[in-house]
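K.L.:
Provided herewith is a single structure, encoded as structure tokens, for subsequent inquiry.
Here, each number is a calculation from the coordinates, and none is a lab measurement. Since the model is a prediction, treat every value here as computed from it, not as a measurement. Here Cβ is always computed from backbone atoms with ideal geometry, including for glycine, and neighbour counts include all displayed protein chains.
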Amino acid sequence: MTAAAPLIELSGITKIYGSGEAEVRALRGVDLTIRAGEFVAIMGASGSGKSTAMNVLGCLDTPTAGTYRFEGVDVGGLDRDQRALLRRNYLGFVFQGYNLLPRTSALENVELPLIYKGLQGGERRQLAQEALEKVGLSHRAHHDPSELSGGQQQRVAIARALAGKPDVILADEPTGNLDSKRSREIMELLTELNISEKITIVMVTHEEDMASYAGRLVTFLDGSISGDKITRKAG
Amino acid sequence: MLWETVRLAVQAIFRNTLRSFLTVLGIVIGVAAVIAMVTVGQGSQQQVTADVESLGTNTLMVMPGQGGMQSGGFTADRAFTRADAEAMEEELSSVEIAAPYSMTSIAAVYGNENHFTQLAGADKSLMLAMEWKMSLGRPFTDVEEKAGRPVCVIGETIRQELFGNIDPVGETLRLKNLACEIVGVLDAKGVTSFGEDQDDLVAIPLKTFQRRIAGNDDVSLIYTTVRDGVSTERAMREIEVLLRERRRITSGEEDDFSIMDMKQFATILSGITAVLTGLLSSVAAVSLLVGGIGIMNIMLVSVTERTREIGIRLAVGAQAGQVLLQFLVEAIVLSLLGGALGIILGLALAALAANLMSIPFTPDASIVFLAFAFSAAVGVVFGYFPARRAARMDPIEALRHQ
């Protein structure tokens, strides 16, 4: 990692699904640079390409053309397993539908990425506990997701993303399933993590209120970036 | 990491205990069937060998014809005479006892009771050669044998069937139109492994049999014991030469009688048992295959059901190999559990069967080990395909799966 390299650098990213008549151009040459410590909100109508862009950022999807550099490393040159390693060590995910493992306690859910990091029982448990404490749920560690409210489940999911000490948390409509009070709590938590843990946050949302928590707003339209403005100085 | 994977697999299996149990039922039944078949097969093989050895391995059965042993010994072939047996005993140094006897099926009647049984015409020589003991009364006397008196000894089954609590000695048993006095009861010998009740018989002196039942001087079998230290092969050669001469068979003509070595008989019988065991076990092994397919089926369902879980694991950084290993280990643990249950069930069944069939219970460590290894192999083979499918999933698709 060189100090000069931005954390995330997309240049000319194009994503085409299908071919011929059925061809869908989800991304049409996206250029985006995100520096460490930013809190970026991505907005746009459905079908604007923001979710595809998130999948590319999360190394879950590979672009058809263009380059993606993560901390200066060309992600395009990595194979499936190397991308998994990148996700494991540098990225954390928060999804709209929480995506917790059912019939598995909150603590075990948070431990999941740590298992793949190769951490052993005791250390793993401790890190997971710490992550649950940061989201204020240490008292619910042994509850199954089905015993937790939506807001609590999302906080467990954030703890899971946090446990691996990632550089970036990618949140895809994290408040999409929550009422406004719980939504604000989640946004406050993400802001708190951005400030105190120095974690870069990239969040897709279609709610202006939620986007206002971010320091930078990127707008997608028809597969391209149509707007990119700093709304607040990064903390 | 591997230990962790095994722990996770066990957790996943016990998260849905009933389904896991139903999944492995095929393996359980397959392994149990193989274990039970092989164990019972080996037990009965031992029993057959023991049975035949109890007849004495140094004994030969001489019978008319070339067809081997026939029921009752009656064949179209020329029978023997008492003189043949006497000549064998007197002229051949290799022969210790040559006991002539004949057999037929007959209804034994006592009062209003009757019982269909085997009737042997045999003298004390046969009882000696076959090591028959008396539990009640006495064997025939020389006088009774020479004169062909109407006396008989009965087996334990006959005593139970016809007499119950009455002491049969001194009672009169009717065999066709022959009324004979019971002088003794034979010691119980039990049922052989081929299901033959050795105590279901009545014996009368050979001469009585010839005169009053058969109506001729024929002897249908000669039970021969070989003198200690003499090879059965030598005895067989000598008997063949003597009988050919006595039956005036010219050189070039084939024997019209056969001599069966009981040891050979034992070998043949245990051979048959082994073939049967193998056959039944391979049929049982097919059910293992079916069980394996059952595991694959459920694992495929499980992979589909857990698509989202796979997506989550991939998102948090699981590599394809780790997902593959997870599902593969789950399949292996599942089939090993099935194998273990099957082994326990199979051994229990075999023990029960051995008890009912009164054969020795002979669990064999190597077959148990083999069954266990086989169930692991079933897990690997039939778990691989679903596991690979899981490992190749596209994380985005998987996460989107409802």
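K.L.:
Treating the beta-carbon of each Lys and Arg as +1 and of each Asp and Glu as -1, no other charges, what is the dipole magnitude of chain B about its Cα centre, to the nearest 20 debye?
P.N.:
That gives chain B a dipole magnitude of about 2180 debye.
K.L.:
For residue A:15, go through the lysines and keep the ones whose alpha-carbon is under 16 Å away, minus same-chain ones fewer than eight residues off.
P.N.:
Partners within reach: A:50.
K.L.:
Going by C-beta contacts inside 10 Å, put B:80, B:372, B:116 in order with the fewest on the left.
P.N.:
With the fewest neighbours first, B:80, B:372, B:116 line up as B:116, B:372, B:80.
K.L.:
Under 12 Å from a point 7 Å along the Cα-to-Cβ line of residue A:228: which residues of the stretch A:49-78 have their amide N that close?
P.N.:
What the label zone holds, given the 12 Å backbone N cut-off, is no residue at all.
K.L.:
For chain B, what is one quarter of the convex hull surface built on the Cα atoms, given in nm²?
P.N.:
28.8 nm²
K.L.:
Moving to a separate point now. Please give the length that would be gained between residue B:2 and residue B:381 if that part of the chain were fully extended, namely 0.36 nm times their separation in residues minus their C-alpha to C-alpha distance (nm, one decimal).
P.N.:
134.6 nm
K.L.:
Have a look at the stretch B:72-208 and give its Rg and Dmax from the Cα atoms, expressed in angstrom.
P.N.:
15.1, 50
K.L.:
Sticking with this one: Counting partner chain Cβ atoms within 10 Å of every residue's Cβ in B:316-328, what's the average?
P.N.:
That average works out to 5.
K.L.:
On to the next question. Kindly provide log₁₀ I(q)/I(0) values, in the same order as q = 0.22 Å⁻¹, from the Debye equation applied to equal alpha-carbon scatterers of the stretch A:125-235.
P.N.:
Taken in order of the listed q values, log10 I(q)/I(0) reads -1.27.
K.L.:
Still on this structure, please answer the following. For residue B:237 and residue B:181, compute 0.36 nm times the residue count separating them, minus their Cα-Cα distance, and round to one decimal in nm.
P.N.:
16.1 nm
K.L.:
To continue, here is another question. In debye, nearest 20, what is the charge dipole magnitude of the protein assembly as shown about its Cα centre with +1 on Lys and Arg Cβ and -1 on Asp and Glu Cβ, if you could check?
P.N.:
Charge dipole of the protein assembly as shown: 3020 debye, to the nearest 20.
K.L.:
Check every DSSP H run in chain B and write down those whose alpha carbon atoms cover 20 angstrom or more along the long axis and whose mean Kyte-Doolittle hydropathy is 0.0 or greater.
P.N.:
B:17-55, B:262-305, B:320-356, B:365-391
K.L.:
Turning to a different aspect of this structure: Which whole-Hz ³J(HN,Hα) couplings does the stretch A:196-211 yield from phi under the Karplus relation 6.51 cos²θ - 1.76 cosθ + 1.60, θ = phi - 60°, glycine and proline marked x?
P.N.:
For the stretch A:196-211, the Karplus curve yields 7, 9, 6, 8, 6, 10, 10, 10, 8, 8, 10, 10, 4, 3, 6, 4 Hz.
K.L.:
In addition: Excluding residue A:202 itself, calculate the net charge of residues whose Cβ lies under 10 Å from the Cβ of residue A:202, where each Lys or Arg counts +1 and each Asp or Glu counts -1.
P.N.:
Here the count lands on -1.
K.L.:
What whole number of Å gives the distance from the Cα centroid of the stretch B:271-345 to the Cα centroid of the stretch A:144-179?
P.N.:
35 Å
K.L.:
Report the per residue volume, in Å³, of the convex hull enclosing the C-alpha atoms of the protein assembly as shown.
P.N.:
Per-residue hull volume (Cα only) is 272 Å³.
K.L.:
Taking amide hydrogens as modeled 1.01 Å from N in the peptide plane, which residues meet the under 5 Å criterion relative to residue A:228, leaving out close sequence neighbours?
P.N.:
Amide H neighbours of residue A:228: A:219.
K.L.:
Calculate the dipole size of the stretch A:8-230 relative to its Cα centre from +1 charges on Lys and Arg beta carbons and -1 charges on Asp and Glu beta carbons; express the result in debye to the nearest 20.
P.N.:
It comes to approximately 320 debye.
K.L.:
Sticking with this structure for a sec: Thinking of the stretch A:8-230 as a set of Cα atoms, what percent of all their pairs are more than 25 Å apart?
P.N.:
Summing the P(r) of the stretch A:8-230 above 25 Å gives 39 percent of all pairs.
K.L.:
Quick one: order B:3, B:132 by neighbouring beta-carbon count within 10 Å, fewest to most.
P.N.:
Listed from fewest to most nearby Cβ atoms, that is B:3, B:132.
K.L.:
Give me the aspartates and glutamates in straight-line cross-link reach of residue B:133: C-alpha distance below 13 Å, same-chain residues under 8 apart excluded.
P.N.:
Filter leaves B:156, B:187, B:199.
K.L.:
Please give the contour-minus-distance gain from residue B:50 to residue B:348: 0.36 nm per residue of separation, less the Cα-Cα distance, rounded to one decimal in nm.
P.N.:
Fully extending the segment from residue B:50 to residue B:348 adds 104.9 nm.
K.L.:
What's the local net charge at residue A:15, with K and R +1, D and E -1, over the other residues with C-beta under 9 Å away?
P.N.:
With Lys, Arg at +1 and Asp, Glu at -1, the neighbours total +1.
K.L.:
Which residue, B:347, B:97, B:80, has the largest displacement toward the positive end of the dipole of the protein assembly as shown when charges sit on each Cβ (Lys, Arg +1; Asp, Glu -1)?
P.N.:
With unit charges placed on the Cβ atoms, the residue in question is B:347.
K.L.:
Using the basic label-point model (7 angstrom from Cα toward the beta carbon), what is the residue A:35 to residue B:358 distance in nanometres?
P.N.:
9.7 nm
K.L.:
What percent antiparallel are the DSSP beta bridges of the protein assembly as shown, to the nearest 5?
P.N.:
70 percent
K.L.:
Mean residue ellipticity at 222 nm from the helices of chain B, using -39,500 (n - 2.57) per DSSP H segment of n ≥ 4 over the full residue count, to the nearest 500 deg cm²/dmol?
P.N.:
Calculated mean residue ellipticity at 222 nm is -18000 deg cm²/dmol.
K.L.:
Mind scanning A:165/A:198; B:124/B:263; B:124/B:146 and naming the pairs with a C-alpha gap bigger than 20 Å?
P.N.:
B:124/B:263
K.L.:
Sticking with this one: Within a Cβ distance under 12 Å of residue B:241, other residues only, what is the Lys/Arg minus Asp/Glu net charge?
P.N.:
0
K.L.:
To continue, here is another question. What fraction of the Cα pairs in the stretch B:97-156, stated in percent, has a spacing above 12 angstrom?
P.N.:
Counting pairs separated by more than 12 Å, the tail of P(r) holds 73 percent.
K.L.:
If you don't mind, another one. If you take the C-alpha gyration tensor of the stretch B:340-402, multiply each eigenvalue by 5 and take the square root, what semi-axes do you get, largest first, in whole Å?
P.N.:
Equivalent-ellipsoid dimensions as semi-axes: 43, 12, 6 Å.
K.L.:
Could you pull out which residues in the stretch B:275-303 have an amide N less than 15 Å from a spot 7 Å beyond the Cα of residue B:22, following the Cα-Cβ vector?
P.N.:
B:294-302
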